[in-house]
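Contents: one structure, followed by commentary.
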Amino acid sequence: MKRKLPEELRSHRWYGAKDLRSFGHRSRTAQMGYDRADYLGKPVIAILNTWSDINPCHSHFKLRVEEVKRGVWQAGGFPVEMPAITLSEPFQKPSTMMYRNMLAMEAEELLRSYPADGCVLMGGCDKTTPGLLMGAISMGLPAIFMPAGPMLRGNWQGKTLGSGSDVWKYWAELRAGNITEADWRGVEDGIARSPGHCMTMGTASTMTSAVETLGLSLPGAASIPAADSNHARMASLSGRRIVDMVWEDLKPTDILTVASFDNAITTVLALGGSTNAIIHLIAMARRAGIPLTLERFDEISKTTPVIADLRPSGRFLMEDFYYAGGLPALLARITDLLDTNTLSVTGKTLGENISGAVSHNDEVIRTRDKPLVPAGGLAVLHGNLAPDGAIIKPAAMEEHLLKHTGRAVVFESYNDMSARIDDPALDVDADSVLVLRNAGPRGAPGMPEWGQLPIPKKLLQQGVRDMVRISDARMSGTSYGACVLHVAPESFVGGPLALVKTGDLIELDVPGRRISLKIDDAEMMRRKRQWVTPAPKFSRGYGALFSKHITQANDGCDFDFLEGTGPTADPEIH
Ligand code: FES
């Protein structure tokens, strides 16, 4: 394999030249305590660290970054830590999704504007993974993703607690009067008890697993719990490996192909993963010049079984998954559904990376003859209510709702829903279809995870635990229920969801992949003519940029000026 020469390093233009400006770069590096021998002729590795006091999922990153640096030094590189905006799922409002593209832009521009030859991306909390990678893909330097790793299992009174899913479960029990305030406090204190991201198969675990299958993390990395000492070793190995990747000039675009994205989709489906992955994978693929569409998810879903018995679809948590062999063991069970010739950051193929991986627990990683769901864990819907598509997760809903017609109960906004959902006078029954609009990319804004609309209290008390719900929002990967999500176009831009009236009949037909508003075309047109474009949400700042350029869910919610663009020129070094 041809290896780069030191003079061919991108950073050579900052450090190696004999001119006034490079004098400045070297003298300022000396100011930080480094000798020429520490960096000259060595790959400069930017470590993009999304650590922050406000992100509990990354609370171990202060330690991990030192372990990444250790690996970089050992392999003969020069590590440079660069903080990047954190996207802390529990705290950032209205939604981390609003800021995913900001992180993507920051990652790309940090790498472009500084003397980076390659990068280690430290993320894991939901949107940090796609955000960092979208930027790194566009920049096109060698990159390796170091996943934060899941937190340990939650515990309350000896019961295992899962991130997100048990919050919704016990919140419903509290509202139904089945547990006390003291019980609720016990759940609060026991559900998140170590560093690391959510440990259900939510968006974080789904995306880090998808990225590992894409070939952008070390094999097995995504499944290691954050608190496990193997996680620290993985961090250091990531630092070591990126240095060689620079010499080999192994870039994300050498790794990402149509086949590697098909593999990632297959993985997401076999894991029973988060619906958020659809938006992120479409955005990432398009950054790599691969025109991925919603339809590909539906096609692959039809032949992919869910074999990971993980919450929210199944019973176990990421810690159990790791002990069962983790992602390599799962992939080894579905090799016939994968293209094992795709390349990875190791320089080896997916097939080579997972060779010899075995499952140690057939309950957690099911055998192919005993899948959790035989196929169709995800469905893409179309119809007059969602001309550009919508999605649903049949594996996580009550079966009797797969084909269902009911009366719409419409909420104009999240606040409207919060104000009325538990009103005893609300005209709603178990067959009703709850509709939430103005919750999409532009309307909310930021497409928050509001898609799992709460069941009205009076129905909860009657024992109802699932209903058909429709919105242009997303849903947390740890949620469940008959929730039609990502309706496109969204209501705020005049999509048909904006035209539904309370009392209209809505038909959901998951086997037929349809979502229909039962009014005729003439009535639809009449309502459309009466629809008034809402006032813009922002007149200035990032919000205005976001509102102007965000694409719809079926297009990945990237900014229109970032997707599909060619390489941007490196800066002139003056
Ligand atoms: Fe960070 Fe769930 S809150 S991954």
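List the number of the failed condition for residue 511; all other conditions in (1) crowded, with 23+ Cβ neighbours inside 10 Å; (2) in contact with a strand residue (DSSP E or B) (Cβ under 8 Å, 6 or more places away or on another chain); (3) in a loop (DSSP other than H, G, I, E, B) hold.
(1)
Condition (residue is part of a loop (DSSP other than H, G, I, E, B), touching a Lys or Arg at 6+ places or on another chain (Cβ under 7 Å) and hydrophobic (A, V, I, L, M, F, W, C)) applied to segment 554-574: is it met by at least one residue?
Yes.
Counting only residues that are of a type in the set (Val, Ile, Thr) and closer than 17 Å to residue 496 by Cβ, how many does segment 410-453 have?
Total satisfying the criteria: 3.
For segment 118-161, give me each residue that is in contact with a Lys or Arg (Cβ under 7 Å, 6 or more places away or on another chain), assigned to a loop (DSSP other than H, G, I, E, B), within 15 Å of the ligand (Cβ to nearest atom) and open to solvent by less than 10 Å² (accessible area, probe 1.4 Å).
127
Could you check, for segment 86-101, whether at least one of its residues is open to solvent by 70 Å² or more (accessible area, probe 1.4 Å) and away from the ligand (no atom under 16 Å from the Cβ)?
No, segment 86-101 contains no residue that is open to solvent by 70 Å² or more (accessible area, probe 1.4 Å) and away from the ligand (no atom under 16 Å from the Cβ).
List the helices (runs of 4 or more DSSP H) that sit entirely inside segment 290-365 and contain at least 3 residues that are under 22 Å from residue 395 (Cβ atoms) and of a type outside the set (Val, Ile, Thr).
It comes to 294-301, 318-323, 326-333.
Among the residues of segment 191-223, which ones are away from the ligand (no atom under 15 Å from the Cβ) and open to solvent by 10 Å² or more (accessible area, probe 1.4 Å)?
If the condition is that a residue be away from the ligand (no atom under 15 Å from the Cβ) and open to solvent by 10 Å² or more (accessible area, probe 1.4 Å), then 212, 218, 219, 220 are the ones that fit.
Just to be sure, is residue 240 among the basic types (Lys, Arg), in contact with a helix residue (DSSP H, G or I) (Cβ under 6 Å, 6 or more places away or on another chain) and more than 15 Å from the ligand (Cβ to nearest atom)?
yes
For residue 466, all conditions in the list (1) free of Cβ contacts under 8 Å to residues at least 12 places away in the same chain; (2) part of a loop (DSSP other than H, G, I, E, B) hold save one; what is the number of the exception?
Among (1) free of Cβ contacts under 8 Å to residues at least 12 places away in the same chain; (2) part of a loop (DSSP other than H, G, I, E, B), the lone unmet condition for residue 466 is (1).
Among the numbered criteria (1) in a helix (DSSP H, G or I); (2) surrounded by fewer than 24 Cβ atoms within 10 Å (Cβ to Cβ); (3) touching a residue at least 60 places away in the same chain (Cβ under 8 Å), which one does residue 109 miss?
The single condition residue 109 does not satisfy is (3).
What number of residues in segment 37-91 are assigned to a helix (DSSP H, G or I) and farther than 14 Å from residue 115 by Cβ?
Residues meeting the conditions: 18.
Identify the residue in segment 178-190 that is within 23 Å of residue 452 (Cα to Cα) and β-branched (Val, Ile, Thr) and, among all such residues, is nearest to the ligand (Cβ to nearest atom).
Going through the qualifying residues, I end up with 187.
Report yes if residue 419 is aliphatic (A, V, I, L, M) and without any contact (Cβ under 8 Å) to a residue 24 or more places away in the chain, otherwise no.
yes
For the condition among the acidic types (Asp, Glu) and open to solvent by 30 Å² or more (accessible area, probe 1.4 Å), what is the one hit in 521, 466, 504?
When all the criteria are applied, what remains is 521.
The values are calculated or read from the model by the stated rules, or taken from the named source; none is laboratory data. All of these numbers come straight from a predicted model, not from anything done at the bench. Positions of Cβ are backbone-derived with ideal geometry, glycine not excepted, and every protein chain shown enters the neighbour counts. Ligands, DNA and RNA are stripped out before the accessible areas are found, and what is left, the full protein with its side chains, is counted by its heavy atoms. Shrake-Rupley method; radii C 1.70, N 1.55, O 1.52, S 1.80 Å.
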